[in-house]
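Single-structure report; data block below.
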Amino acid sequence: MKKLLSLSLLLALSVPLQAEETAHIADDVYVFTHGGPGNQYRINGRVNSGEPVTVLSRQNQYIQIRTESGRTSWVPAEFVATGESKLSQLPELEEALESSQTRIASQDQEIARLNDQLAAVSGNNAEYVDQVEGLQQQIRQLESEIANMDQSNLIRWLTHGGLVALGGVLLGLLVPYMPKRRKRRDDWF
């Protein structure tokens, strides 16, 4: 009895303990299940693609699985993928797609509204550019008129100053030749 107990203990310790792992059958195939870890075992059913399974153990190129219905069987390891299948993710993905489409539609409306505002602002901007160009042209015209007035005033002042100077020179030249008035002599003193 001790030998049997020690033998069973030795066998139990030699088989590695593995935690159950969540997996699924590959999304692009359906697989026939076998009663043991190989093709030589009898086919005892099939598992559809994307169906969730629990991995119980691995042996050679086969994995022992348990389906959601509780049936335990073996399938080739190449047809088992870890994690959630695309089929189980489909409702979440469809919901995310719908949410994204709604968000895209609202963003399209916002873009259209902003494009309308941009068109209005661009129209106003064109008007303002025209006004600025008109005002700049008026400024250039007024600056030209001011420059002409300054030049005209300068010429007028130079002309008046020259005439006054000429008159002063002529007066200075003529005064000495003018007859002098003689003073009366009063002898009162």
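Listed values for the stretch 141-158 are Karplus-derived 3J(HN,Hα) couplings in whole Hz (6.51 cos²θ - 1.76 cosθ + 1.60, θ = phi - 60°), namely 5, 5, 5, 5, 4, 5, 4, 5, 5, 4, 5, 5, 5, 5, 5, 5, 5, 5, and x replaces Gly and Pro.
Between THR82 and ARG184, the modelled label-to-label distance comes to 14.4 nm, taking each label 7 Å out from Cα in the direction of the beta carbon. Rounded to the nearest whole Hz, the Karplus-based 3J(HN,Hα) values (6.51 cos²θ - 1.76 cosθ + 1.60, θ = phi - 60°) of the stretch 106-121 follow the sequence 5, 5, 4, 5, 5, 5, 4, 4, 5, 5, 4, 4, 4, 4, 5, 5, with x at glycine and proline. The spacing between the stretch 135-157 and the stretch 93-127, judged by their C-alpha centroids, is 52 Å. Summarising the amide proton neighbourhood of GLU21: residues at separation of 5 or more, or on other chains, whose placed amide H is nearer than 5 Å comprise VAL55.
Under a 5 Å amide H cut-off, with hydrogens placed 1.01 Å from N, GLU51 pairs with ILE25 among residues at least 5 apart or on other chains. For THR33, the residues whose modelled amide H falls within less than 5 Å of its own, excluding neighbours fewer than 5 places apart on the same chain, are ASN44, GLY45, ARG46, VAL47.
No lab work stands behind these numbers, since they all come straight from the coordinates. Every value quoted in this text rests on a predicted model; they were computed, and no experiment measured them. Neighbour counts run over all protein chains shown; Cβ positions are idealised from the backbone, glycine included.
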